[in-house]
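Here is the structure we will look at.
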Amino acid sequence: MERTLTNFIHALRSSDVRVSTAETLDAFNAVELVGYEDRGALKRSLALVLPKTADEKETFDLCFDQFFKFTDIRGDRDGGDAEEAANESSEDAADGQDGEGGAGGDNPPTRGTADATGKRKSKSKSKGKKAQTTAPEDADPEEEDLGPGKMSKPSSELAKLLMNDSKVELSIATAQAGEAVGVRDIQVFTQKGLYTRRIMEQMGLADLNREISDLRGSRRIPQRRLGQNLRQRREWLREQVRDYVERQFLLHADADGRRLREELLRKVKLSNVEQRNFRLIQDVVFKMAKRLAALHSRRKKVFKRGQLNLPRTLRHNMSYDGAIFDLHWKSVKIDRPKVFAICDVSGSVANYARFMLMFLYSLEEVMPKVRSFAFSSDLAEVTELFERNKIEDAIAKTLRDYAGGSTDYGQAFVDFKKHCLDDVDNRTTIIILGDARNNYGDPRTDILKEMYDRCKRLIWLNPEPRNSWYVGDAEMRKYTAYSHQVEECNSLMHLERIVGNLLKTVQ
Amino acid sequence: MADAAPDLQKITESVENLKTELEAHRYICSDQIATAVYLAYHLRKPILIEGPPGVGKTELAKTTADMFALPLIRLQCYEGLDEAKAIYEWKYGKQLLYTQVLKETLDEVLQGAKGFAESVSRLHEFGDIFFSEEFLEPRPLMKALQAEAGCILLIDEVDKSDHEFESLLLEMLSDYQLSIPEIGTLKAVNEPPLVFLTSNNTREISDALKRRCLHLYIPFPDLELEQRIIHARVPEIPPELRRQLVKFIHELRGLDLKKVPAISETIDWARTLLLLHTETLEPQLVRDTLNVILKFQEDIENVNSELTTLTSQALK
């Protein structure tokens, strides 16, 4: 029982719901109160204790439905599934049997079935609810029709289990075999077949195969009948196990796999990100931004300024005999940083611009004043576009409207000066993202110098690796002179580090 | 309204009983909400309620107080709220006054004392009297702990307070106690209070706080539930009109608005329509009363242009 709940919490954790140990204990208390009988009540109670944000609640819903997949405690919805299983099994029964029947002969008898019975009792309550269908009763149409009638007794453990018609015991056995072969460690979907086979073997497939082939070779009708029946049931069992593995995969591996991919995406060069990964990378950006925001939103305040807090000052100075000695101030928030982001959106740099803008705008909570500009030759402000649209749409529009055309940094600086150089003050941080490849045009470093003099910091981010900065038409050498900081920036990790530093210095 | 002494045992026996009882107090709720109160009562855990404004977060605390016939102590959070306003404050005026009095009677106290050491020890007899509970002004959190028969503590809009304040709450929420350096630790007198925290999600509440609470998210109700809420709150309104107006509100929630109407707005609107003796929704009438449900001119203009279609859809 307890094992079920901890397994469920493990599954939740692997789908990114943060569950602490304390919350696990709460969950146990809640379950003790509510019990496992009513699935709805169980779900509602756990939903209060485990997930703690609206997002997490959604994940929780999915996870719960997958994990506690038991609508029939009393076994009502048998019909449909049983038939499906019967139909499918009849199709591939023939070829499946020949291969495995022969190999089954020299396999050793299974262990685990004996001690399985011992553990069974403790788990029966929860796992029992997972039981799904009975074995099909109808005879296989393609087989010789032996008709209903007497069947001989099955001999192997698994066969007995199958003929018992006990879904509960079968699914317990499945779960235990699953535990024994470590199905929870499943990593990628190609392993599904492997684990299905391992679980079947653990449950005693070899014995069963041998028995079936013996029985079918027999001349006595009751034994042949049993053999046929067992074969159908074996296929049905295979189906069940496959289902079980599938569920385990969704619960455990899918999330782990995603985390692996995310980890890779953080390091990959942004220009190499494929279109299909954009959604995932967006999630990564939001996650990183959220973490940065949480990290930095805590130190927005300074205390040594603002109005005198009279009551507090008096109170704290009572120990100095009322002499006003230790002053206390009403806290006042300092101005949040202003960030001007100037992005080269010409072909080569567009992807970097996309993700940097995404990053900056995801940080709204701690950096509410981002003004952004895009250029390839002419520069324009796109701040409003971002205010009115969702980030993804705004970025798409920006790229559509401003990308293309040959890069002209000189012209862009002239435009910037015309539009908003006056708004740059000593609290402003200017971030320029670009490869500084100016097609041998006039670099207009004079304007960059002006910007440099006016602003608090000017950061130049270059997506190219450092060793190609000074090659060809790149003007990096000239621009470096007028930047407070130049950085190579071509992966999400770089971005995170830079934006993190930015937040540290501007506050 | 609540009986003189509600049968707590019976009310809290099951989730269903709680739900019925809440409904008897005109708070129509989903199973999820009733379960939350049930768990909070039995596990003695605070509930952190989140959700869009106007779905009845604060109301739940009030109704629960009503239902259990317990006093409701409310702490409204805002930026800059500190321990002096939330937990306790020294009555420093009184302290100063008493110091003055003591100064004047100092001669009597010290009469006959030989030497400095004895004087000091006599003064020590006064002990830390200036820092005793006599001089303590309890604020909501402390009051909640001191309530004899237990109480409902509502910490409203906790997201509006500062991060530091959240940390202050932690001791209270996990152990139902408060530490005052000069006095020591104050524990709940009898029953620890039942704590409700509400948040509008203007910022993320810290994990530490969330971990100590049950987390209840109240979304907008579905059609049927909202109709029942209106029925409970504005019973005079005819069923047909009730159906129409709730449907209309649901249509509005589907639009892209700056602020979508919440349940409280639906109730207000129902009252307005009742006052105007309305029998069925008409575009002109809706246009005239739109400012009851929409609070931004921009939204009103947006909706105005589609009013006829929206109304006809609601009438279906």
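Think of each Lys and Arg Cβ as +1 and each Asp and Glu Cβ as -1; about the Cα centre, that makes the dipole of the range A:2-67 roughly 60 debye. Compactness of the range A:2-67, taken as the C-alpha radius of gyration over 2.2 N^0.38 Å, stands at 0.97.
Rounded to the nearest whole Hz, the Karplus-based 3J(HN,Hα) values (6.51 cos²θ - 1.76 cosθ + 1.60, θ = phi - 60°) of the range B:168-182 follow the sequence 4, 6, 4, 4, 4, 6, 8, 10, 6, 8, 9, 9, 10, x, 6, with x at glycine and proline. Cross-link pairs exceeding 32 Å between alpha carbons, from the set A:LYS369/A:LYS418; B:LYS10/B:LYS258; B:LYS85/B:LYS258: B:LYS10/B:LYS258; B:LYS85/B:LYS258.
Here the Kirkwood formula puts the hydrodynamic radius of the range B:223-315 at 12.9 Å, using every distinct Cα pair.
For the range A:359-437, dividing the convex hull volume of the Cα atoms by the residue count gives 103 Å³ per residue.
Relative to the Cα centre, the charge distribution of the range B:104-261, modelled as +1 at Lys and Arg Cβ and -1 at Asp and Glu Cβ, gives a dipole magnitude of about 1060 debye. Across the range B:88-135, the volume of the C-alpha convex hull divided among the residues equals 69 Å³ per residue. Using the average count of surrounding beta-carbon atoms within 10 Å as a protection proxy, the listed peptides B:259-267, B:85-93 rank, highest first, as B:259-267, B:85-93. Here r is the Cβ-Cβ distance between A:ASP283 and A:ALA323 and R0 is 41 Å; the resulting FRET efficiency, rounded to 0.05, is 0.10. Rounded to the nearest 20 debye, the dipole magnitude of the range B:88-135 is 120 debye, with +1 charges on Lys and Arg beta carbons, -1 on Asp and Glu beta carbons, and the Cα centre as origin. Look at the stretch B:160-168: the mean tally of other chain Cβ atoms within 10 Å of its residues' Cβ atoms is 1. Computed extension gain for A:GLN485 through A:ASP378, at 0.36 nm per residue and net of the alpha carbon distance, reaches 36.1 nm. Only DSSP H runs of four or more residues enter the estimate; each adds -39500 (n - 2.57), and after division by the residues of chain B the mean residue ellipticity at 222 nm equals -15500 deg cm²/dmol.
Can you tell me what share of the DSSP beta bridges in the range A:324-455 is antiparallel? A percent to the nearest 5 is fine. Just about 20 percent of them are antiparallel. Note on A:ILE221 and A:LEU308: the model spin-label points, each 7 Å out from Cα along the C-beta direction, lie 11.1 nm apart.
With r as the distance between the Cβ atoms of B:GLU191 and A:GLU37 and R0 = 30 Å, compute the FRET efficiency 1/(1 + (r/R0)^6) and round to 0.05. All intermediate terms of the calculation are to be shown ahead of the outcome.
Numbers: r = 30 Å, r/R0 = 0.98.
The pair A:GLU37/B:GLU191 has a calculated efficiency of 0.50.
Our note on the geometry: Cα centres of the range B:295-312 and the range A:433-507, 48 Å apart.
Other residues with beta-carbon under 13 Å from the beta-carbon of B:PRO71 carry, at +1 per Lys or Arg and -1 per Asp or Glu, a net charge of 0. Within 10 Å of the Cβ of each residue in B:206-212, the mean number of Cβ atoms contributed by other protein chains is 4.
Projected label points at B:ILE129 and A:VAL471, each 7 Å from Cα along the beta carbon direction, are separated by 8.7 nanometres. Other residues lying with their Cβ under 11 Å from the Cβ of A:PHE373 contribute a combined charge of -3, Lys and Arg counting +1, Asp and Glu -1.
The mean sequence separation of alpha-carbon pairs under 8 Å and at least six residues apart, normalised by the residue count of the range A:2-67, gives a relative contact order of 36 percent. Among the listed pairs B:LYS259/B:LYS295; A:LYS267/A:LYS287; A:LYS290/B:LYS45; A:LYS287/B:LYS259; B:LYS45/B:LYS210, those whose Cα-Cα separation exceeds 18 Å are A:LYS290/B:LYS45; A:LYS287/B:LYS259. Taking Cα atoms only, the orientation of helix B:283-293 departs from the longest principal axis of chain B by about 10 degrees.
Between B:ARG74 and A:ARG388, what's the calculated FRET efficiency when r is the beta-carbon distance and R0 is 30 Å? Round to 0.05. Don't skip to the end; give the middle numbers.
On the way: r = 39 Å, r/R0 = 1.30.
It comes out at approximately 0.15.
I'd like the distance separating the alpha-carbon centroids of the range B:62-131 and the range A:183-260, in whole Å. One Cα centre to the other: 75 Å.
Label reach from B:ASP222 (point 7 Å along Cα→C-beta): in the range B:8-44, amide nitrogens under 20 Å belong to B:16, B:19-20, B:23, B:27-36.
Shielding of peptide B:76-88 by partners, expressed as the average count of other chain Cβ atoms within 10 Å per residue Cβ, is 1.
When each of A:SER20, A:SER156 is scored by the number of other beta-carbon atoms lying within 10 Å, the sequence from fewest to most is A:SER20, A:SER156. In terms of other Cβ atoms within 10 Å, A:TYR402, B:TYR38, A:TYR440 run from fewest to most in the order A:TYR440, A:TYR402, B:TYR38. Projecting the Cα atoms of B:PRO140, B:MET172, B:GLN111 onto the charge dipole of the range B:74-179 (Cβ charges, centred on the Cα centre) puts B:GLN111 farthest toward the positive pole. Mind pulling the angle between the C-alpha long axis of helix B:31-43 and the longest principal axis of chain B? Nearest 10 degrees, somewhere in 0 to 90. Orientation of helix B:31-43: about 20 degrees from the principal axis. Over the C-alpha atoms of chain B, the Rg to Rh ratio, Rh being the Kirkwood estimate, stands at 1.15. Model label points for B:LYS94 and A:GLN66, set 7 angstrom from Cα along the Cα-to-Cβ axis, are 6.0 nm apart.
All of the numbers you see were taken from the coordinates with simple rules; none came from a lab. Worth saying up front: this structure is predicted, and the values here are computed from it rather than measured. Cβ sites come from the backbone with ideal geometry, for glycine too, and all protein chains shown count toward neighbours.
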